[in-house]
Structure formats: C-alpha cells, structure tokens
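Presented below is the structure to which this report refers.
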Amino acid sequence: SQKIEQNSEALNIQEGKTATLTCNYTNYSPAYLQWYRQDPGRGPVFLLLIRENEKEKRKERLKVTFDTTLKQSLFHITASQPADSATYLCALDISGGSNYKLTFGKGTLLTVNP
Amino acid sequence: NAGVTQTPKFRILKIGQSMTLQCTQDMNHNYMYWYRQDPGMGLKLIYYSVGAGITDKGEVPNGYNVSRSTTEDFPLRLELAAPSQTSVYFCAAVSSGGNTIYFGEGSWLTVV
C-alpha cells in the first residue's frame with residue numbers, strides 16, 4: 001500500500017539551532033512534494049513545493065531537499081525561533097501532477113525552546 | 001481578498017441529522033478539495049473538483065456528497081451524520097499549475 005511517514009511525532013530543539021524534519025514515502029512516484037505549517041486550531045499554510053527534478057529549494061530560513069531515489073524529503077529550519085513552533089506536514093501529489101490531489105503525512109510537532 | 005472561507009466554524013450534530021459545510025473561494029481557482037483531519041492523523045481527501053460541474057471521489061467519500069455549481073462554491077453535505085464523522089474538515093483551493101494551495105480555517109464537527 002502507499003504510505004507517507006514523517007519520522008518524528010515530536011521534535012524539541014533549542015532556539016538558534018537547525019531543525020530537521022524527515023518525510024519518507026513508499027510506492028509513490030510523486031510529481032512533487034510540499035511542506036505545510038499548521039498551528040493549533042488553524043488550517044495548514046503552504047510553505048514550499050519541490051518538484052521531482054529538483055534536489056533542493058530554499059525560502060528565507062527554510063530549505064527542502066528531495067531525493068527520489070531514497071524516497072525522502074528533508075525540511076530544515078535554520079536559526080530556529082520559538083515562533084517556528086508548530087506542526088509541520090509533508091504532502092505528496094498522487095495525481096501525477098494533473099489533479100493536484102495530495103496525500104499527507106501525520107505531521108511533526110516542532111517545539112523551539114527559548 | 002478573503003481566500004477560502006468555511007462556515008460554520010463549529011457545529012454539534014445528533015446522529016442521523018444532515019447538514020452542509022459551506023466553502024467559498026474568491027480567487028477564481030478551478031480546483032477545490034475537501035479534507036478531513038482526525039486527531040494524530042494526516043488529512044484525508046474526501047472529494048475534489050477540477051471545475052464547475054465536475055466532482056470526483058477522494059480517499060474517504062462514504063457518507064458525504066458534494067456539488068460544484070459555480071467556481072466559487074464547493075459545499076460538502078453530510079446526509080445521515082454518524083459518530084465516525086466527528087472530525088475537523090478543511091476546504092482547499094488550488095491555482096492551475098498547483099504551485100500554491102490555500103486552505104480554509106476549518107470546520108469542527110461533533111456528532112453525538
């Protein structure tokens with residue numbers, strides 16, 4: 001069966017450190033992968049999209065890598081701040097890029113301690 | 001520009017009741033989606049639409065119905081509410097090209 005896993009349910013780090021979140025998948029060949037931030041009681045907010053032919057994408061303090069051989073994406077937040085504390089979701093396109101249907105991981109709750 | 005608007009925010013239903021969750025977007029996006037999110041679980045796709053008049057089932061469509069008479073609106077209907085439908089429901093809209101997905105703020109539904 002098709003699976004998408006985010007390896008950690010929760011991650012605690014110290015302010016200023018780099019947070020690294022992992023997303024692994026099986027039995028997919030996704031056209032792209034996305035990362036979202038979700039705060040308690042709110043809807044997911046889109047952060048970054050990386051396509052299958054891209055190895056790395058950056059946006060300010062965020063960096064995403066995508067290894068289609070390992071079937072893995074890493075999401076990095078550098079110089080982390082307490083305001084980065086949230087649940088981070090990864091999502092794969094399962095429609096081959098046609099209908100933009102997404103399969104989501106369960107998320108990783110990141111806590112950045114001051 | 002409100003993006004994606006969902007109503008109601010909270011609702012309690014009795015078993016067997018029916019209701020409609022409303023979703024409206026003001027971005028003129030063709031693609032719209034309904035997901036549900038259960039505690040500790042990833043979002044699951046219920047139904048989606050690629051344009052007005054076109055809808056299709058997602059991963060967990062049983063117990064739900066949708067319609068898409070206009071580009072702006074994509075309501076989700078629960079006909080006979082069951083406790084298993086207690087969840088948070090999110091509507092989303094996607095621009096053509098799929099580069100950006102906008103979610104609504106969610107509708108919390110409890111069936112008792």
Of B:GLY42, B:GLY106, which residue is facing chain A (nearest Cβ under 9 Å) and either over 24 Å from B:GLY3 (Cα atoms) or within 13 Å of the chain's Cα centre (by Cα) (or both)?
B:GLY106
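Rundown of residues vs (1) in a strand (DSSP E or B); (2) within 14 Å of chain A (Cβ to nearest Cβ); (3) farther than 19 Å from B:HIS29 by Cβ, yes/no style:
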residue: B:ASP56; (1), (2), (3): yes, yes, no
residue: B:ASN62; (1), (2), (3): no, no, yes
residue: B:THR71; (1), (2), (3): no, no, no
residue: B:ARG77; (1), (2), (3): yes, no, yes
residue: B:SER84; (1), (2), (3): no, no, yes
residue: B:TYR89; (1), (2), (3): yes, yes, no
residue: B:GLY97; (1), (2), (3): no, yes, no
residue: B:TYR102; (1), (2), (3): yes, yes, no
Return only the number of the condition from (1) assigned to a loop (DSSP other than H, G, I, E, B); (2) farther than 15 Å from B:ASN99 by Cα; (3) in contact (Cβ under 8 Å) with a residue 12 or more places away in the chain that A:ARG42 does not satisfy.
(3)
In region B:20-49, how many are crowded, with 19+ Cβ neighbours inside 10 Å, free of Cβ contacts under 8 Å to residues at least 24 places away in the same chain and of a type in the set (A, V, I, L, M, F, W, C)?
1
Evaluate region A:25-32: report whether one residue or more is β-branched (Val, Ile, Thr) and out of contact with any strand residue (DSSP E or B) (no Cβ under 9 Å at 6 or more places or on another chain).
no
Of the residues that make up region A:49-61, is at least one more than 26 Å from B:ASP38 (Cβ to Cβ), modelled with pLDDT of 95 or more and among the polar types (S, T, N, Q)?
no
Looking at region B:81-104, is at least one residue touching an Asp or Glu at 6+ places or on another chain (Cβ under 6 Å) and farther than 30 Å from A:GLU52 by Cα?
yes
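Each row is one residue, and each column tells you yes or no for (1) more than 10 Å from every other protein chain (Cβ to nearest Cβ); (2) in contact (Cβ under 8 Å) with a residue 12 or more places away in the chain; (3) in a strand (DSSP E or B).
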site	(1), (2), (3)
A:SER8	yes, yes, no
A:TYR25	yes, yes, yes
A:TYR36	no, yes, yes
A:LEU48	yes, yes, yes
A:THR65	yes, yes, yes
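The values are calculated or read from the model by the stated rules, or taken from the named source; none is laboratory data. Source: prediction; values computed, not measured. Neighbour counts are summed over all protein chains in view; Cβ atoms, including those assigned to glycine, are modelled from backbone coordinates with ideal geometry.
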